[in-house]
Amino acid sequence: MSRHDLQPKADKPEVVRATVGWDRPLQTFFAQVFIRTEDEPDEGEALIWIGTEPGELPTGDAALAVVAPFVDVPANLAEELTADMRETVGIKDGLQQVAAKRSLFGSIH
């Protein structure tokens, strides 16, 4: 799994943090945006959390499009995300991952 934390835009003070990355077991990119709430002023609460289902976000560009309204996206991040994915080609699931996928999804994807 890869993870890239992004800097919120200056005009988005409600955004505590945002993250994008590649999840090899689910074969999807993911995007998360956390906003400040009264109960969670420092950690934030998930406003957006996409990429929790197999293949949900097929490209790094799709993940970046989700967070772009909230954060400054580095120019080379799409290429970094693609490289993160390519580094996992050929890696197989361990026994626990296979069991979890069968339990959650009915298959090992």
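No value in this document is a laboratory result; all are computed from the given coordinates. Every value quoted in this text rests on a predicted model; they were computed, and no experiment measured them. Heads up, the Cβs are rebuilt from the backbone with ideal geometry, glycines too, and the neighbour counts pull from every protein chain shown.
Given the Cα-Cα distance of Gln27 and Ala99 and 0.36 nm per residue of separation, how much length would full extension add, in nm?
24.3 nm
Could you tell me which of Phe34, His4, Gly44 has its Cα farthest along the dipole of the stretch 1-50 towards the positive end, charges placed at Cβ (Lys, Arg +1; Asp, Glu -1), taken about the Cα centre?
His4
Which of the aspartates and glutamates could a cross-linker span from Lys9 if the Cα-Cα distance has to be under 16 Å and same-chain partners fewer than 8 positions apart are dropped?
Partners found: Asp72.
Over the Cα atoms, compute the radius of gyration (one decimal) and Dmax (the largest Cα-Cα distance, rounded to a whole number) for the chain, in Å.
Expressed in Å, the Cα Rg and Dmax of the chain come to 15.1, 45.
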